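Read the structure below first, then the notes.
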Amino acid sequence: MTTEAAQLQFAAEFTLFIASLAALAVTALRPDLLFRRPLGRVAFAGGSVALATAAFLHGSLLLDTADDPLLVALRGSGILLLGGSLLRWAGPVNGRLLAATGVVGLAIAEVLTVYGDAPTGDAVRGIGALVFGIALVIVARQAIAARVATATAGVVLLVITTLAIALSVVIADNVADEAARRYGARGETEAQTISGTSDDAEAEATLLARTFGPRLDQLRQLAAGSGDPAELEAAEQSIRQLLVFYRTEFLRDPFSGPLMVVGPSTGTSLTDIDATRVVQTELAGSAVVAEVLRTRLVASDVAVVGDQVLAMGAAPVTDPETAEFLGVVVVTSRVDEQLLDSRVIDPASVEQELGLAVADRSRVYASAGRQPSLATNLRLASDSLREGERRTAVDGDRFVVAVPVFDDGGEPFLAIAVSVPEARIDAIRQDLFRLLFIAALGAALVTMILAGYAGNHIGAGLDTLTAAAAELRSGRLTARARLETEDELGVLATTFNQMAVSIESMTDDLRSAADDEAALRARLEGVVGGMGEALVAVDDRGRITDFNAAAEELIGVPARDAIGRSIDAVCRITGPDDVDLTSRFVQPVVDSWSEAAEVVPLQGAPVPVAVSAGPLRGAAGVLTGAVFVLRDVRREREIEQMKTEFIANVSHELRTPLTPVKGYADILSKRELPTDKVQQFATEILNGATQLERVTDQLVQFATFAAGRLQLQAEPVTARDLLDALVDRWTGRIPGSHQLTRRIARGTPPALVDRRYVDRALDELIDNAVKYSPDGGRIRVSAEVHENGHGPTLMISVDDQGVGIDPERREAIFDDFAQGDGSATRRFGGLGLGLGLVNRIVRAHGGELVCDSTPGRGTTVRILLPLGTADVGDDDA
């Protein structure tokens with residue numbers, strides 16, 4: 001069984017065990033809460049005992065087979081008894097429904113278990129037991145003793161389940177770690193055995209080198225590699241016979257590989273047995289041979305040669321008389337299946353199912369005993385060689401440990417994989433789980449018994465206190481608890497009686513104080529909520545405690561999201577030169593202060609505000625927080641900007657005509673000029689005065705209209721009269737580059753209007769058309785009847801071919817002091833009152849002002865005036 005399966009089984013059985021104990025506790029302490037007759041109580045208790053016994057046996061792994069006949073019999077009888085007892089249930093209806101649901105869940109779990117799906121059965125069993133326990137909690141709410149028992153059951157379930165699962169994880173990890181250490185040590189032993197084999201080969205090589213005394217001449221001739229071929233062949237034959245003789249008579253290693261003689265230059269080599277050219281070449285060029293050739297000392301090594309692993313020992317051969325170096329002899333021992341079999345099949349070993357393998361990153365060179373998959377051996381060997389340390393894995397039913405084998409340079413080049421049956425580790429883990437679960441279930445049983453006793457003891461005293469409290473609640477303030485014990489319940493009863501006395505004497509004062517406080521709080525909340533300025537109050541840690549509606553609108557955050565957070569979490573506040581002032585709203589406010597600032601919401605544009613801050617102190621003068629009032633000054637700034645622009649515009653508009661008036665008047669006063677010049681200058685002075693008069697008239701008209709003193713004197717006026725008079729007035733005033741035309745649709749009726757103000761409105765429109773058509777062009781005035789959905793109207797249109805109006809400015813051009821360009825370097829002058837006056841005049845007549853414009857192509861302004869009741873005229877185009 002895996003750790004996860006054991007944990008799931010324990011959680012399910014322990015939940016069922018606790019729920020069954022809780023059912024027994026409720027039945028014993030307050031049986032009247034569940035059933036009115038003994039038969040139902042006996043069946044309920046019997047079913048709980050059966051389920052608790054089965055849960056204990058299976059949860060503690062005393063019976064570790066889920067479909068054991070005894071377990072099936074206990075669970076089946078318990079489910080039947082509980083289901084039958086529910087027919088006589090007298091508790092709450094919702095509790096009965098939950099209990100029935102839990103019993104059905106237990107039945108389904110049993111069916112799943114019997115049919116072989118134990119994990120799913122455990123999960124369903126745990127859920128069913130939990131639902132059954134919730135039903136008991138609902139019932140236990142009616143009695144203190146039962147509530148203590150069920151509450152204790154819940155706490156025990158939570159605590160012991162958590163601890164048991166945590167400990168099971170620790171146990172599983174420790175067992176796995178111990179197995180890894182144990183079998184890792186076995187792997188290290190095998191690695192040392194292989195290294196020891198190379199030491200044995202080194203000793204054999206030393207002995208073999210000494211046996212070459214009688215054949216030094218042949219070895220010398222072989223090392224020279226030249227001479228008579230027949231003699232050279234005889235020398236080779238003599239040396240090979242010596243190698244065969246040594247293997248037969250002296251070499252005791254049953255796993256020995258080729259014996260080799262290598263000349264001083266490695267150009268010549270002989271082996272005693274047939275070896276492939278690859279093996280012979282790699283042996284002759286191996287690191288151990290190279291070391292002997294370099295140092296003239298014996299050496300040993302374990303290396304991969306061809307497709308096999310060899311333990312090698314090498315020794316130099318020298319002439320004892322002349323100390324002449326004649327070559328190197330090499331003795332090898334195979335690390336193969338035969339060697340590994342000898343390590344695995346050991347009658348004295350208890351690990352008869354052990355498996356060994358020698359591998360590197362790409363292949364397994366030898367193996368013995370039962371093995372995991374080839375992929376697992378290669379993966380673990382690769383990981384072990386890469387990390388240079390032990391690696392473990394589970395492959396099917398085998399637990400595998402791989403340890404690296406290091407060369408003389410400390411680098412890993414081979415790995416030993418040791419594998420054993422996973423069942424051996426599972427058995428150890430199961431034994432530990434069994435002890436853990438038995439202890440947990442036993443502790444739960446003892447805890448539940450003690451909890452039931454304590455709940456019954458406490459419940460009796462609490463019943464007395466409950467009765468006295470009920471009398472007190474009903475208004476009988478003279479009620480007292482008659483309970484005399486020396487424990488906490490006695491102290492509680494004494495305290496309760498003292499409290500009753502205090503309540504009796506303080507009731508009137510408390511009611512009066514509560515009424516006053518409620519009234520004050522309601523009044524304060526009304527004042528704060530109705531403030532036009534944003535109010536933000538914080539506590540001594542800078543967390544928002546009050547956030548009125550104006551603050552919500554200003555900062556753009558609902559009060560429910562702002563309260564409880566610091567102000568820097570809902571917005572940022574900056575002062576002049578973009579200095580961050582947010583920290584001042586979080587730090588304690590000791591003295592009142594005021595500051596001009598900007599509120600930067602999380603979303604939206606910054607808002608200029610005037611901030612006033614003051615500390616909040618408690619009754620003892622202790623600083624408890626601060627209050628901030630933020631007044632929105634956007635309107636004040638707009639008015640200030642409008643005033644500045646208005647003064648600049650008025651100054652510009654007055655100075656522009658005054659300059660030529662003053663200049664020409666100065667010339668006329670100081671010089672004698674011809675009559676034509678005097679006439680020209682006088683005309684210019686008159687034009688300037690006329691312009692000044694127009695500016696002054698605009699200001700007066702604006703003041704009149706703004707004060708609401710616009711009084712109309714309506715009379716029937718035909719469109720022809722209006723437009724003919726308009727053309728006559730402007731024919732001599734517009735520059736020659738402009739052409740003013742008029743058009744009146746046939747049958748256009750007269751309208752009831754104030755002729756003075758309509759003429760003034762049309763003059764403003766013509767003046768704008770001329771001013772904003774600096775390159776000249778046609779200006780057309782037209783009149784026709786228009787249906788706007790509210791009846792027929794007189795529509796007078798003024799079209800120009802000027803610079804046009806930007807779309808974003810089109811809605812604002814009819815406002816007072818509105819300019820297409822408000823900068824001091826604007827191209828076109830004016831106070832920005834012309835279209836504002838037109839708009840006021842049209843609105844006063846009940847009409848509508850409409851503008852269509854395309855930048856660079858011109859503008860059309862339409863005045864829509866209600867038609868009067870006069871007779872229809874005969875105007876024509």
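The values are calculated or read from the model by the stated rules, or taken from the named source; none is laboratory data. Since the model is a prediction, treat every value here as computed from it, not as a measurement. No Cβ is skipped: glycine too gets one built from the backbone with ideal geometry, and neighbour counts run over all protein chains shown. Only protein heavy atoms, including side chains, enter the accessible area calculation; ligands, DNA and RNA are left aside. Shrake-Rupley method; radii C 1.70, N 1.55, O 1.52, S 1.80 Å.
Of the residues PHE44, PHE325, ranked by 1.4 Å probe accessible area with the largest first, the sequence reads PHE325, PHE44. Summed over the residues of region 17-86 and divided among them, the accessible surface reaches 38 Å² per residue at a probe radius of 1.4 Å. On full extension, the segment bounded by ASP67 and ASP539 gains 163.6 nm, given 0.36 nm per residue less the C-alpha separation. For the pair ALA569 and SER77 in one chain, pulling the backbone fully straight at 0.36 nm per residue adds 171.0 nm over the alpha carbon distance.
For the residues HIS790, HIS738, a 1.4 Å probe over the protein chains yields an accessible-area ranking, largest first, of HIS790, HIS738. Shape index of region 1-142: Rg/Rh, with Rg the Cα radius of gyration and Rh the Kirkwood radius from the inverse mean 1/r over Cα pairs, equals 0.97. The accessible surface of region 526-593, taken with every protein chain in place and a 1.4 Å probe, is 48 percent carbon and sulfur. Summed over the residues of region 559-625 and divided among them, the accessible surface reaches 55 Å² per residue at a probe radius of 1.4 Å.
Residues MET499, MET312, sorted by accessible area with the largest first, give MET499, MET312 [1.4 Å probe; ligands and nucleic acids excluded]. Cα centroid separation, region 612-630 to region 842-866: 56 Å. Straight-line reach from LYS662: taking Cα to Cα under 18 Å and skipping same-chain neighbours fewer than 8 places apart, the lysines in range are LYS670, LYS677. Only protein atoms count toward the accessible area here, which uses a 1.4 Å probe; on region 23-134, the carbon and sulfur part of that area reaches 72 percent. Among the protein heavy atoms, those of VAL627 account for about 40 Å² of accessible surface (1.4 Å probe, every chain in place). On the beta carbon distance between GLU787 and ALA844, with R0 = 25 Å, the FRET formula returns roughly 0.65.
In this structure the amide hydrogen of VAL633, modeled in the peptide plane, comes within under 5 Å of the amide hydrogens of VAL609, ALA610, none closer than 5 places in sequence on its chain.
Amide H contacts for ILE779 (H built 1.01 Å from N in the peptide plane; partners 5 or more residues away or on another chain; cut-off under 5 Å): GLN739, LEU740, THR741. Here the calculated FRET efficiency for THR295 and GLN237, from their Cβ-Cβ distance with R0 = 22 Å, stands at 0.10, rounded to the nearest 0.05. In this rough spin-label picture, where each label sits 7 Å from Cα along the Cβ direction, the ASP775-LEU616 distance is 6.5 nm. Using heavy atoms of the protein chains and a probe of 1.4 Å, the accessible area assigned to GLU178 is about 100 Å². Between ARG746 and SER592, the contour length at 0.36 nm per residue exceeds the Cα-Cα span by 48.0 nm. Between PHE406 and LEU374, the distance separating the two model label sites (each 7 Å from Cα on the Cα→Cβ line) works out to 3.2 nm. Under 5 Å between amide hydrogens, built in the peptide plane, is the criterion, and for GLU715 it picks out VAL753, ASP754, ARG755 among residues at least 5 positions away or on other chains. Computed with a 1.4 Å probe over protein heavy atoms only, the accessible surface of region 196-277 comes to 53 Å² per residue. Note on region 40-109 and region 200-277: Cα centroid distance 84 Å, given to the nearest whole angstrom. Computed from phi, the 3J(HN,Hα) profile of region 721-738 under the Karplus parametrisation 6.51, -1.76, 1.60 (θ = phi - 60°) reads 4, 4, 6, 4, 4, 4, 5, 4, 5, 9, 4, x, 9, 8, x, x, 6, 9 Hz, with x in place of Gly and Pro. Estimated from the Cβ-Cβ distance and a Förster radius of 25 angstrom, the FRET efficiency linking ARG363 and GLU389 is about 0.70. Peptides 681-689, 214-222 ranked from most to least packed give 214-222, 681-689, packing being the mean of other C-beta atoms within 10 angstrom over each peptide's residues.
Each residue of region 278-288 was assigned a 3J(HN,Hα) from its phi angle through the Karplus expression (A = 6.51, B = -1.76, C = 1.60, θ = phi - 60°), giving 5, 5, 4, 5, 5, 5, 5, x, 5, 5, 5 Hz with x at Gly and Pro. 3J(HN,Hα) along region 240-248: 5, 5, 5, 5, 5, 4, 5, 4, 6 Hz, from the Karplus curve 6.51 cos²θ - 1.76 cosθ + 1.60 with θ = phi - 60°, whole Hz, x for Gly and Pro.
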